[in-house]
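Here the structure is laid out as structure tokens; the discussion comes afterwards.
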Amino acid sequence: MTKEKIFNVPNLLSFYRLLSFPFILWMVFAGEEKLFAIFLCISLVTDILDGLIARIFRLQTQFGAKLDSLADAGMYVLAFLGIYFFKLEKMEGYVWMLWAFLALLIGGNIFSLLKFGKFPSLHLYSTKIGGYVQGIFFFVLFAWDYSEGLFFAAMFMGFFSLTEELIVLILLSELRPDVKGLMWVLKEKK
């Protein structure tokens, strides 16, 4: 087994997101909406960059996949807290979708913990696409303003990708990173 090279730019970007988490969290509770928006948007950009750089320069590692998933979870926490504290009134009629999305997200993580003893880092194609759409929604929401069309696109992709992830978790006998999607898992089962 070859040793992974974990000291690379994509992992440093993910690590930045983890390190910035407490600082950005403090901004939420301090009511610093503008600073929160700036640093969350920087984190969203680094999330896009770490994946692109890893794929383009073939710097993908299992450690990086887990680090990225952990940093993504932190960004979701921050984004939802930011919505709750700063933008909730703009989504008044559709807040239930956020709660349903959050319940599905937490439910999938709990299922993975119970079945495999750890959080998933599957990186399904639908999760990547959903993450980009949700990231764009969060970026637009905090950098400019609420867009109902982007919100619905983010929720649709979120529900789709989280449902696919849950089905994949049910079908897998062992947890592994970088599962492409349900179709590939079903092909492996044949």
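The values are calculated or read from the model by the stated rules, or taken from the named source; none is laboratory data. Because the structure is a prediction, the values reported are computed rather than measured. Note that each Cβ is placed from the backbone with ideal geometry, even for glycine, and that neighbours are counted across all protein chains shown.
Go through region 29-68 and count every residue that is among the polar types (S, T, N, Q) and touching a residue at least 60 places away in the same chain (Cβ under 8 Å).
Of the residues in region 29-68, 2 are among the polar types (S, T, N, Q) and touching a residue at least 60 places away in the same chain (Cβ under 8 Å).
Considering region 46-74 alone, what residues qualify as being touching a Pro at 6+ places or on another chain (Cβ under 6 Å) and not in a helix (DSSP H, G or I)?
Narrowing region 46-74 to residues touching a Pro at 6+ places or on another chain (Cβ under 6 Å): 50, 53-54, 59, 62, 64-65.
Within region 46-74, just Leu59 meets the criteria.
For Ala54, are the conditions met, namely being surrounded by fewer than 16 Cβ atoms within 10 Å (Cβ to Cβ) and either touching a helix residue (DSSP H, G or I) at 6+ places or on another chain (Cβ under 8 Å) or at pLDDT below 95 (or both)? Steps first, answer last, please.
On the way: surrounded by fewer than 16 Cβ atoms within 10 Å (Cβ to Cβ): no; either touching a helix residue (DSSP H, G or I) at 6+ places or on another chain (Cβ under 8 Å) or at pLDDT below 95 (or both): yes.
Considered against the rule, which asks whether it is surrounded by fewer than 16 Cβ atoms within 10 Å (Cβ to Cβ) and either touching a helix residue (DSSP H, G or I) at 6+ places or on another chain (Cβ under 8 Å) or at pLDDT below 95 (or both), Ala54 comes out as no.
Since Trp99 meets every condition but one in (1) touching a Gly at 6+ places or on another chain (Cβ under 9 Å); (2) modelled with pLDDT of 90 or more, which condition does it not meet?
So Trp99 meets the others, but not (1).
Mind checking which pairs have a first residue in region 159-171 that is over 13 Å from Lys128 (Cα atoms) and a second that is outside any helix (DSSP H, G or I), Cβ under 9 Å, 6 or more apart or different chains?
Close Cβ pairs satisfying both conditions: Val168/Pro120; Val168/Leu122; Val168/Leu124; Val168/Val179; Val168/Gly181; Leu169/Pro120; Leu169/Leu122; Leu169/Leu175.
Between Ala65, Ala103, Ala154, Ala71, which is surrounded by 15 or more Cβ atoms within 10 Å (Cβ to Cβ), among the aliphatic types (A, V, I, L, M) and out of contact with any helix residue (DSSP H, G or I) (no Cβ under 7 Å at 6 or more places or on another chain)?
Details: Ala103 fails: surrounded by 15 or more Cβ atoms within 10 Å (Cβ to Cβ); Ala154 fails: out of contact with any helix residue (DSSP H, G or I) (no Cβ under 7 Å at 6 or more places or on another chain); Ala71 fails: out of contact with any helix residue (DSSP H, G or I) (no Cβ under 7 Å at 6 or more places or on another chain).
So the residue among Ala65, Ala103, Ala154, Ala71 that is surrounded by 15 or more Cβ atoms within 10 Å (Cβ to Cβ), among the aliphatic types (A, V, I, L, M) and out of contact with any helix residue (DSSP H, G or I) (no Cβ under 7 Å at 6 or more places or on another chain) is Ala65.
Is it true that Lys115 is among the basic types (Lys, Arg) and modelled with pLDDT of 95 or more?
Yes: the conditions hold for Lys115.
Quick one: in region 111-127, of everything that is part of a helix (DSSP H, G or I) and among the polar types (S, T, N, Q), which residue is nearest to Ala71 (Cα to Cα)?
Filtering first and then ranking leaves Thr127.
Would you mention how many residues in region 7-56 are out of contact with any Leu (no Cβ under 8 Å at 6 or more places or on another chain) and among the β-branched types (Val, Ile, Thr)?
5
Just give me the residues in region 1-28 being of a type outside the set (Val, Ile, Thr) and free of Cβ contacts under 8 Å to residues at least 40 places away in the same chain, in sequence order.
First, the residues of region 1-28 that are of a type outside the set (Val, Ile, Thr): 1, 3-5, 7-8, 10-23, 25-27.
If the condition is that a residue be of a type outside the set (Val, Ile, Thr) and free of Cβ contacts under 8 Å to residues at least 40 places away in the same chain, then Met1, Lys3, Phe7, Leu12, Tyr16, Leu19, Ser20, Pro22, Phe23, Trp26, Met27 are the ones that fit.
Scan region 116-158 residue by residue and report those that are free of Cβ contacts under 8 Å to residues at least 12 places away in the same chain, among the small types (Gly, Ala, Ser) and farther than 16 Å from Val95 by Cα.
Gly117
Could you list, ordered by first residue, the pairs with Cβ atoms under 7 Å in which the first is in region 88-115 and of a type in the set (A, V, I, L, M, F, W, C) and the second is modelled with pLDDT of 90 or more and not in a helix (DSSP H, G or I), at least 6 apart or interchain?
Sorted first by the residue in region 88-115, then by its partner, the pairs are Met91/Tyr146.
Could you go through region 172-186 and let me know if any residue there is of a type in the set (Asp, Glu) and either closer than 29 Å to Val28 by Cβ or surrounded by 20 or more Cβ atoms within 10 Å (Cβ to Cβ) (or both).
Here is the first cut: in region 172-186, the ones of a type in the set (Asp, Glu) are 174, 178.
Applying the additional criterion that residues be either closer than 29 Å to Val28 by Cβ or surrounded by 20 or more Cβ atoms within 10 Å (Cβ to Cβ) (or both) yields none.
Taking every residue of region 172-186 in turn, none turns out to be of a type in the set (Asp, Glu) and either closer than 29 Å to Val28 by Cβ or surrounded by 20 or more Cβ atoms within 10 Å (Cβ to Cβ) (or both).
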